[in-house]
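Novice: Next up is a structure, given as structure tokens.
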Amino acid sequence: MLTDILQLLIYGILLGSVIALSAVGVSLIFGILRFAHFAHGDLMTAGAYFALFFMTATGASIWLAFPFAVLAAILVALAFDRVVYRRLRRTRPVILLIASIGVAFILRNAVLVIWGPDITVYESGIKPPMRFLGLRIKEDQLIIIIGTVLLVILLSLFLQRTRMGKAMRAMADDPDLARITGIDTDRVILWTWVIGAGLAAAGGVFLALDTRLQPTLGWDILLAIFAATILGGIGKPYGAIAGAMVVGISAELGAGLPGVFGADWSLTSYKPAITFLLMVAMLLWRPQGLVGGRA
Amino acid sequence: MPATVAAAGRAPLLAVHSLVKSFGGIRAVDGASLEIPAGSITGLIGPNGAGKSTLFGMVAGFLKPDSGTVLLDGADVTGLPPHRLFARGLVRTFQIPATFDRMTVRDNLMVVPAGQSGESVWRAWVQWGRVQTEDAAIRARADEVLAFLSLDHVCEEYAGNLSGGQKKLLELGRTMMTEPRLVLLDEPGAGVNPTLMAKLREHIRTLNRERGYTICIVEHDMDLIASLCDQVIVMAEGKVLARGSMDEVRANAEVRAAYLGGVRDSST
Amino acid sequence: MMEHVGASLIYLLDPFVLAFAGIYAVMALGLNVQWGYTGQFNIGVAGFFAAGAYTSAILTTAPTDNHLGGFALPIVIGLAGAVVVSGLLALLIGLITIRLREDYLAIATIGLAEIIRLTLKNEDWLSNGTRGVFAIPHPFQGMPADERNLAYFVLVAVVVVGLYLLLERARRAPWGRALRALRERESAALAAGKNVDRFRLEAFVLGSAVMGLGGGLYAHFAGFISPEVFEPMFGTFIIWVMLIVGGAGNGKGAILGAFVIWWLYTFTTGLISLAPVKYATQLGALRVMLVGAVLIAILLWRPDGLLPESRDVGGKRK
Amino acid sequence: MTLLAAEKLRGGYGGADILNGTTLRVGASEIVVIVGPNGAGKSTALKALVGLVSLREGRIIFGDEEVTGLRADQLAARKLCYVPQEKNVFASLTVQENLEMGAFLRRDDFSARMEQIFDLFPVLKERRRQAAGTMSGGQRQMVAIGRALMLEPRLLLLDEPTAGLSPKFTEMIFTKIVEINTMGVAVLMVEQNARDALAIAHRGYVLVMGQNRFEDTGPALAANPEVAHMFLGG
């Protein structure tokens, strides 16, 4: 039984990793631009498909395609910022939110138009999972977890050590004070999209690697991303990572534990509902997040 | 000060006992107690950060006190939501005018009266005639108030398009759409030009004398306070520092020190 | 090419198309009560849409082992049930979420809509899962297809007009005035003695009940429903686009928006029928992109919509 | 030499004028204090100087350039730095990071300047790695002032730097302001704590209802009974 629970924990960390990469971006965008970015899931999807495009076009491996996907997703995000979001920045944040839903549908359907509705994978063939003390983990899954850790370290170095990273944290803290202080807020916003979209693309590729590519890949996980963001406190990138782990692990445990304890029913199909209820509870109980952020 | 003498015999309309409210470890209101006699105009003054607005917010039900009690006409109303206090005759205005910007000036006033049967969507459907008759009466009343405040020429303008001073008058007008017993005015004079100020002063006096409103004013304009108020309550650092006529509090050394700074060497 | 465009244009006046546009107009009118009147950001429209559709379907279909019921009740009862169930659902959800600020309410409502969809997808006993509910009775069952569609369009049109009048009256009444007040500034509405929570809840429940009615109308017209119908695109998003394009706060705008967007959407169907079948899905996606682009264009250049909210309420003698 | 000249400022929030012809001048090495009763428009005047309140009339000259209508960040680039009364630190950033953000506009090496500020406020050096949001009010004020000093401003605008501070901290902030002034920075500050502030000021203004009422040397204003009278009216 302990093994089963540990196994669920591994799956939870895996899911949490993918969520974390996107939740950081959503949290920074929420903190700096002050709106819930509903197109973030579809940015993940776009990233995942950009990698597929590069692989089929050049025959390269997924790891060569990875930076290409990240770059392409960043360019897409910057283009939408320039054409749509930037012009709406002076209106109420809720208008930006509505616009981002429009962007989400445009992105998702652009993926459909270009790549079609079929479910695909990066590399076909079944690889047997590695076994360790009775626990199963696939090579790809291990890579996802390690990749996430590396990216989080890079992110952390960026946020803690670079001038722009610190400015980003400052602006997420207090946009008005950032402006008064002379921080170049336009450049911070640009970098917010670079970081947010880049990590979203990474999360999308990882998610597609763990499951399969399909046009609703990112949209399906969007609620979990929001849940993680809110759990971690708006504008708190590290909070978002912690929130993502909580969401990922509780979703997997919630879905799997009844089976472990011998129940003949399962909540697997209700995984999104579990994360969602967690989030609503959080919104009602502590809207400023577990570790405290902007309410 | 005949009004003070007259009011002194009656039970207070509002009594606040040891009210406390903290925000993130800072005690904005720190055990304030005060009484407002029925029929009076009371001025609430004090330096910035004295806790006046927080106290106001608690009395009007917008903030929940950490401890202490608020008695309105002898009944404990601590922590009641604003609409329940409104039903008991307590109305407030805002320092920065809170108007319904994308509604006409007249609609801004017509919202106010309580117990409109048309506030039930069901009655609006099945008793449209009655709702309309009632609404005509409310409209007439709104127009009266607008005429009183000389806002009748802008009655169909969006409230958002009014000048700051006009918005202040509209705030005052809102209190006139009901039969309040206690009106809390939060800096009615801020940003109002001298001409309008004279008018405002007259309006407030009329509401007190002729309509019998008990009024409590938070205000920085000492001339306004001095000319209107029967009693003045001075707050500093979350507590009530002094109470009396304007001349009395002016003469009070502690009050002077609180306003001018250097509290600790004020004895020298 | 030209005759295809012509055929597409004629197709727009097909009662089949018009009836769907009318059903969407019902939904948009419901959303208008929430967003237009009250400023509530409900992007879980699909949940109430689905609740209404399934309720009416289960109440009116013949008894079956496929799903709960059917109870073979008259369609009128089915529609009434749709209104009641979606209204009750809204009451339950509203009691929990009514105080959330707009962006959080958005996230919460879209989540609830997804949970409703998951439930319908997974609980076979209730909804027959992904296979859906079929053989939902049509009120004009005996007629030939053309007449049947026309008759249904007339029915829907009557409902739309009736709803418009009712909701417009509610808007002009002190009830609507109070909603606008709390939309404009909650603190001042509180100071004016309004029980803000009560008004919010009423608007949320009324709007959602109207959406439920729209769902019921959809079920009896389409004859078949499955969880797929209530995915966010057609369950929620397109209705938002309709309301924003038409003009939030204005009932006529909501109706106009529903017809404009649905026409735009079906007009492009006509054009797409020119293309080879194997690209059908892709071209369908292209149409959704177009809808998204229209939304953004409106937000950028005409943020109050085609018919902005009127301000004459209470201001002018009538 | 006049460093800042603001002539006949008129403006306010949402249509209501708070400033009704306010005029302010600051010399190149002066400490100037604005005092006056609550609601006189003192803080609004500072905000108007840095473009946070829109002006209907009036003009502002800084150095030999007209800066009317420029944004706070543009003024910071011209070495006119503003410290708001509240929300004046980045709460989740460390003390040192706050100072670094103050130097965001600088492309040169600012480590010497940071050392200077640490010398001025030794407690900031001790706590350089502490998040600013976890510090006491007085320490936050030092962080805020330190951050503004990072740009080596010619003029520092302080909005009620001692508001809510204990007497000990109040005294210490005033001492530091004098020290900052001797470093060659002109200071224009709004203060509630009129007596103490006027005691360190070269000159002071008394503002009432958005208009200049008195203007004199600091000590003279502090001793003026009419000024004391202003605060309580009558």
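The values are calculated or read from the model by the stated rules, or taken from the named source; none is laboratory data. On a predicted model such as this, the values are computed, not experimentally measured, just so you know. Quick reminder, even Gly has a Cβ in these numbers, built from the backbone with ideal geometry, and neighbours come from all protein chains shown.
Novice: Hand me the list of strands (runs of 3 or more DSSP E) wholly inside the range D:1-97 holding 3 or more residues that are touching a strand residue (DSSP E or B) at 6+ places or on another chain (Cβ under 7 Å) and of a type in the set (A, V, I, L, M).
Specialist: Per the criteria, D:2-13, D:16-27, D:31-35, D:55-62.
Novice: Something else: Among the residues of the range B:153-176, are any of a type in the set (Ser, Thr, Tyr), in a loop (DSSP other than H, G, I, E, B) and out of contact with any strand residue (DSSP E or B) (no Cβ under 8 Å at 6 or more places or on another chain)?
Specialist: No, the range B:153-176 has no match at all.
Novice: Look at the range B:129-185 and say how many of its residues are surrounded by fewer than 18 Cβ atoms within 10 Å (Cβ to Cβ), within 14 Å of chain D (Cβ to nearest Cβ) and of a type in the set (Lys, Arg).
Specialist: Number satisfying all stated conditions: 0.
Novice: Give D:Asn98, D:Asn193 a once-over and let me know the one that is modelled with pLDDT of 95 or more and of a type in the set (S, T, N, Q).
Specialist: Values: D:Asn193 fails: modelled with pLDDT of 95 or more.
From the options D:Asn98, D:Asn193, the qualifying one is D:Asn98.
Novice: Using beta carbons and a limit of 6 Å, which pairs, at least six apart or on different chains, have the first residue in the range D:161-185 and on the phi > 0 side of the Ramachandran plot and the second one surrounded by fewer than 18 Cβ atoms within 10 Å (Cβ to Cβ)?
Specialist: D:Gly164/D:Gly137
Novice: Would you check which residues across the range B:118-128 are facing another protein chain (nearest Cβ under 7 Å) and aliphatic (A, V, I, L, M) and list them?
Specialist: Matches in the range B:118-128: B:Val121, B:Ala124.
Novice: What is the one condition in (1) within 30 Å of B:Pro81 (Cβ to Cβ); (2) modelled with pLDDT of 95 or more; (3) more than 13 Å from the chain's Cα centre (by Cα); (4) not aromatic (Phe, Trp, Tyr) that C:Gly249 does not satisfy?
Specialist: C:Gly249 satisfies every listed condition except (2).
Novice: If I ask for residues that are under 15 Å from B:Ala159 (Cα atoms) and either in contact (Cβ under 8 Å) with a residue 40 or more places away in the chain or in contact with a His (Cβ under 8 Å, 6 or more places away or on another chain) (or both), which ones from the range C:162-183 would you list?
Specialist: If the condition is that a residue be under 15 Å from B:Ala159 (Cα atoms) and either in contact (Cβ under 8 Å) with a residue 40 or more places away in the chain or in contact with a His (Cβ under 8 Å, 6 or more places away or on another chain) (or both), then C:Arg177, C:Arg180, C:Leu182, C:Arg183 are the ones that fit.
Novice: For a quick check of your reading: which helices (runs of 4 or more DSSP H) sit entirely within the range C:112-206 and have at least 3 residues that are more than 9 Å from every other protein chain (Cβ to nearest Cβ)? Even if it seems obvious, please write down each step before you answer.
Specialist: Details: elements: C:124-127, C:145-172, C:174-184, C:186-191.
Hits in the range C:112-206: C:124-127, C:145-172.
Novice: Mind listing whichever residues of the range A:59-117 are closer than 30 Å to A:Ile144 by Cα, of a type in the set (Phe, Trp, Tyr) and more than 7 Å from every other protein chain (Cβ to nearest Cβ)?
Specialist: A:Trp63, A:Phe66, A:Phe68, A:Phe80, A:Trp115 - these are the residues of the range A:59-117 that are closer than 30 Å to A:Ile144 by Cα, of a type in the set (Phe, Trp, Tyr) and more than 7 Å from every other protein chain (Cβ to nearest Cβ).
Novice: Based on what the data block shows, is B:Leu207 under 30 Å from B:Ala15 (Cα atoms) and in contact (Cβ under 8 Å) with a residue 60 or more places away in the chain? Walk me through how you get there before you give the answer.
Specialist: Numbers: under 30 Å from B:Ala15 (Cα atoms): yes; in contact (Cβ under 8 Å) with a residue 60 or more places away in the chain: no.
It is false that B:Leu207 is under 30 Å from B:Ala15 (Cα atoms) and in contact (Cβ under 8 Å) with a residue 60 or more places away in the chain.
Novice: Could you please let me know if C:Ile96 is surrounded by fewer than 22 Cβ atoms within 10 Å (Cβ to Cβ) and within 20 Å of C:Leu256 (Cα to Cα)?
Specialist: Working: surrounded by fewer than 22 Cβ atoms within 10 Å (Cβ to Cβ): yes; within 20 Å of C:Leu256 (Cα to Cα): no.
Taking the combined requirement at face value, the residue does not satisfy it.
Novice: Which residues, counting only those in the range D:190-234, are outside any helix (DSSP H, G or I), within 13 Å of chain B (Cβ to nearest Cβ), crowded, with 18+ Cβ neighbours inside 10 Å and not acidic (Asp, Glu)?
Specialist: D:Val190, D:Gln192, D:Asn193, D:Ala201, D:Gly204, D:Val206, D:Leu207, D:Val208, D:Met209, D:Gly210, D:Gly233
Novice: Looking at D:Ile31, D:Ile18, D:Ile60, which is the one that is closer than 23 Å to B:Asn48 by Cβ, more than 14 Å from chain B (Cβ to nearest Cβ) and buried (at least 19 other Cβ atoms within 10 Å of the Cβ)?
Specialist: One residue alone meets the criteria, D:Ile31.
Novice: Criterion first (within 14 Å of chain A (Cβ to nearest Cβ), assigned to a helix (DSSP H, G or I) and either within 18 Å of the chain's Cα centre (by Cα) or at negative phi (or both)) does C:Leu88 satisfy it?
Specialist: Numbers: within 14 Å of chain A (Cβ to nearest Cβ): no; assigned to a helix (DSSP H, G or I): yes; either within 18 Å of the chain's Cα centre (by Cα) or at negative phi (or both): yes.
Criteria not met by C:Leu88.
Novice: Just a yes or no: is a residue in the range B:208-224 in a helix (DSSP H, G or I) and at pLDDT 90 or above?
Specialist: Yes - at least one qualifying residue is present in the range B:208-224.
Novice: Would you please name the residue that is farthest from A:Leu209 (Cα to Cα), looking only at residues in the range A:56-76 that are surrounded by 20 or more Cβ atoms within 10 Å (Cβ to Cβ) and not small (Gly, Ala, Ser)?
Specialist: Filtering first and then ranking leaves A:Val76.
Novice: If we scan the range C:94-103, do we find a residue that is of a type in the set (D, E, K, R) and without any contact (Cβ under 8 Å) to a residue 60 or more places away in the chain?
Specialist: yes
Novice: Then there's this: For C:Gly44, indicate whether it is in contact (Cβ under 8 Å) with a residue 24 or more places away in the chain, of a type outside the set (S, T, N, Q) and within 25 Å of C:Phe20 (Cβ to Cβ).
Specialist: Taking the combined requirement at face value, the residue satisfies it.
Residues checked against (1) of a type outside the set (A, V, I, L, M); (2) under 20 Å from the mean Cα position of the chain (by Cα):
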{"residue": "A:Leu9", "(1), (2)": "no, yes"}
{"residue": "A:Leu15", "(1), (2)": "no, yes"}
{"residue": "A:His37", "(1), (2)": "yes, yes"}
{"residue": "A:Gly47", "(1), (2)": "yes, yes"}
{"residue": "A:Thr58", "(1), (2)": "yes, no"}
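Novice: Looking for something in contact with a helix residue (DSSP H, G or I) (Cβ under 7 Å, 6 or more places away or on another chain) and on the phi > 0 side of the Ramachandran plot - is there at least one such residue anywhere in the range A:185-207?
Specialist: Looking for residues that are in contact with a helix residue (DSSP H, G or I) (Cβ under 7 Å, 6 or more places away or on another chain) and on the phi > 0 side of the Ramachandran plot, one finds none in the range A:185-207, hence no.
Novice: Hey, any hits in the range A:215-223 for a residue that's farther than 22 Å from A:Thr120 by Cα, of a type outside the set (Asp, Glu) and either outside any helix (DSSP H, G or I) or touching a residue at least 12 places away in the same chain (Cβ under 8 Å) (or both)? Can you show your working first?
Specialist: The initial filter retains those residues of the range A:215-223 that are farther than 22 Å from A:Thr120 by Cα, namely A:223.
Then drop every residue that is not of a type outside the set (Asp, Glu), which leaves A:223.
Adding the requirement that they be either outside any helix (DSSP H, G or I) or touching a residue at least 12 places away in the same chain (Cβ under 8 Å) (or both) leaves A:223.
Taking every residue of the range A:215-223 in turn, at least one turns out to be farther than 22 Å from A:Thr120 by Cα, of a type outside the set (Asp, Glu) and either outside any helix (DSSP H, G or I) or touching a residue at least 12 places away in the same chain (Cβ under 8 Å) (or both).
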